Structures are given as C-alpha cells and as structure tokens.
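Have a look at the structure below, then the notes.
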Amino acid sequence: DAGVIQSPRHEVTEMGQEVTLRCKPISGHDYLFWYRQTMMRGLELLIYFNNNVPIDDSGMPEDRFSAKMPNASFSTLKIQPSEPRDSAVYFCASSLRTGFEQYFGPGTRLTVT
Amino acid sequence: GNSVTQMEGPVTLSEEAFLTINCTYTATGYPSLFWYVQYPGEGLQLLLKATKADDKGSNKGFEATYRKETTSFHLEKGSVQVSDSAVYFCALSKTGANNLFFGTGTRLTVIP
C-alpha cells in the first residue's frame, strides 16, 4: 500500500502566481480531506469530500482557494492568486468511513514570496 | 460544539522519563478519541484510539484511557526515548460526523 501521495513535496512561488497541489488518496477510501498547518493557527481543515463530492468547504479561507476531486483517485487544491500568508504545509488525508482513522500524506510545503 | 484542549508545550524530558500529555474534550454524545503523532518532516499518523468510555488505547508503549466522567484522554508513556520526539495531537470524531477535531498539538523533545 503506497499510502496517500502528495505532490509536489515543496513549492516555492511568487505572490500572484497560481499554485496547484495534488493528492492521490488510498485506493478504496471514500473520504478525502485537505488540511493546512501553520505555526500560528495549527492544523485547520479546509475541505473534505465524500465519494468525490465536496461535503464541507467552510474552512476554505477565501475565494482564492478552490478544490476539486474529478475521480476517486485524484484531488487538487488550487490557490489563485497566491499570497505570502498562504505559506504553510498542506496535508491531504483519506479515510475509509465516517469517523474512522484518517491516513495523512507527507504534505506539501508551500512558500509564497 | 466539539473541541479538544491539549496542554501547551513544548515539553522537554530526559530519556527514560515518564510522559503525560493532557487532553480534555467537549462534545455531545459519545465521540471516538484519537492520538496522532507527527514526526519531523512527515504527516500525521495514528498512534492510538478509543471508541467508548473506559476503553484504553495503546501502541508503542503509549497508552490513553477514555474517561467520560472527566472528559479526558491523557497520553502516557512510562519511559520515553529520543525517537519519541515529535508533535502529538489529540483529536475527536463525533458519531455521525465525517471529520476529526484536532487539538493544537504538543511538541515533545526527549534529550539523551
């Protein structure tokens, strides 16, 4: 089992540029979660999907953020335009069923200059 | 609402010392409780869990008991090792809810 796969592992970009983060969940998992982790705010849930459908996006900070899950094995989190305050580690996680253990990917460290 | 409160860190211990990281929760009903660990440069991984009152979760020498009367799920280890240095997160999952509520994390550093 390859676990949750995220790419890229590191991303450095300039303010105003578009950033796309990618995630491949564990095969067979019905739920996919996007988190953001910063020193100031800790771990924040941004959005989660069930069977490819967005269920709760109340954690998405603003319209510059969008997430899609076109199929069961792929999801993207896009920031357009990016700002320095978006610098953080972004984690993707998946789980088999509601309330069950979530498996986290290694994260993408985003730096916006 | 649902929330988790963890003791603030950082915590620094000598090798073989006893560890306690406090965690209390607020939730209606009967949540499941978890401890996740994050090693440097990695994602979170499940350390242990308990799904009902008085359950004890255990793994790698760590233990935590689900105490409904005190709404607590404190993490303990009898003898820490340098390799236990990490950030520890307490979390809860409300019955019927699809997401986890995480605490702020407690950084543990174990020195030789």
Practice task
Report the semi-axes of the equivalent ellipsoid for chain A in whole Å, largest first, where each axis is √(5λ) for an eigenvalue λ of the Cα gyration tensor.
Solution key: 23, 14, 13
Exercise for the section: Select from region B:37-67 those trypsin sites (Lys or Arg not before Pro) which occupy a DSSP coil region and have at most 13 other Cβ atoms within 10 Å, ordered by residue number. Expected result: B:52, B:60
Handout entry: Along chain A, longest interval not containing exposed trypsin sites (Lys or Arg not before Pro), exposed being DSSP loop plus at most 13 other Cβ atoms within 10 Å
Key = A:42-96
Problem - Cα-based radius of gyration of region B:1-62 once divided by 2.2 N^0.38 Å, which approximates compact folds - result: 1.27
Practice task
First select every other residue whose beta carbon is under 12 angstrom from the beta carbon of residue B:52; then total the charges, Lys and Arg +1, Asp and Glu -1.
Solution key: +2
Problem - Mean shadow area of region B:22-97 over all directions, Cα convex hull, nm² - result: 5.3
Fill in the blank from the handout: Between the alpha carbon centres of region B:1-53 and region A:1-41 the gap in Å comes to 23
Problem - Efficiency of FRET between residue B:39 and residue A:27 - r from beta-carbon atoms, R0 22 angstrom, step 0.05 - result: 0.35
Handout entry: Local net charge near residue A:81, Cβ-Cβ under 14 Å (Lys/Arg +1, Asp/Glu -1)
Key = -3
Handout entry: Those residues of region B:22-55 for which accessible area with every protein chain present is at least 50 Å² below the isolated value (1.4 Å probe)
Key = B:44
Practice task
Translational diffusion coefficient, Stokes-Einstein: compute it for the protein assembly as shown using the Kirkwood radius over C-alpha pairs as Rh, at 37 °C and 0.692 mPa s, and state it as an integer in µm² s⁻¹.
Solution key: 181
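The values are calculated or read from the model by the stated rules, or taken from the named source; none is laboratory data. The structure displayed is predicted, hence computed values, not measured ones. Using ideal geometry, Cβ is built from the backbone for each residue, glycine included, and neighbour counts are taken over all protein chains shown. For the accessible areas, the whole protein counts, side chains as well, though only heavy atoms, and no ligand, DNA or RNA atoms are used. Shrake-Rupley method; radii C 1.70, N 1.55, O 1.52, S 1.80 Å.
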